Amino acid sequence: MTSRPPTAQHLRDLTLLRRVRDRIDREYAQPLNVEALARGAHMSAGHLSREFRRAYGESPYSYLMTRRIERAMALLRRGDLSVTEVCFAVGCQSLGTFSTRFTELVGVPPSVYRDQVGRATAGMPPCVAKQVTRPIRNREAPVTVPHLA
């Protein structure tokens, strides 16, 4: 098997995909959808989804939800907001969808996470707590409930 050099169009697409990813990282709390992201990158939604998955291993929507869940985890670790407040603060419009996706990525529902993680990360610097509680990407969390405390 020989490796072909990337074409100019492929390199342009990668640049656009990086910009889309950066936009998601910056604007995760805004109402974003694949169509709006594709328009901003001058691509069709289907092309953006295919190329994004090829470049980053997950769909733009999945990447967006992972960013939102990561931010939600940080807000829940603070402990001063309700799950509903956190849901809307990170840009989710549906508490049910937020809770389901949170549970898929983290392994426990957001309310359980908020209650348990405060004890488990007490005394840890926030940067360390973020690293050790990072959500699982590209696969679901283990079915077993992790013991955080």
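Laid out as a table, the results:
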read-out	value
Extension reserve of the L95-D22 stretch, reckoned as 0.36 nm per residue once the Cα distance is removed	23.7 nm
Cα centre as origin, Lys/Arg/Asp/Glu Cβ charges: the range 65-132 dipole, Debye	160 debye
Most to least packed among 58-64, 74-80 [average Cβ atoms within 10 Å]	58-64, 74-80
Length released on extending from A74 to E58, taking residue separation times 0.36 nm less the Cα-Cα span	3.5 nm
Simple label model, 7 Å out from Cα along Cβ direction - H42 to T84, nm	4.5 nm
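Values in this text are rule-based calculations from the coordinates and carry no lab data. Please read these numbers as outputs of a predicted model, since none were measured by experiment. Glycine gets a Cβ as well: all are built from the backbone with ideal geometry, and neighbour counts include every protein chain shown.
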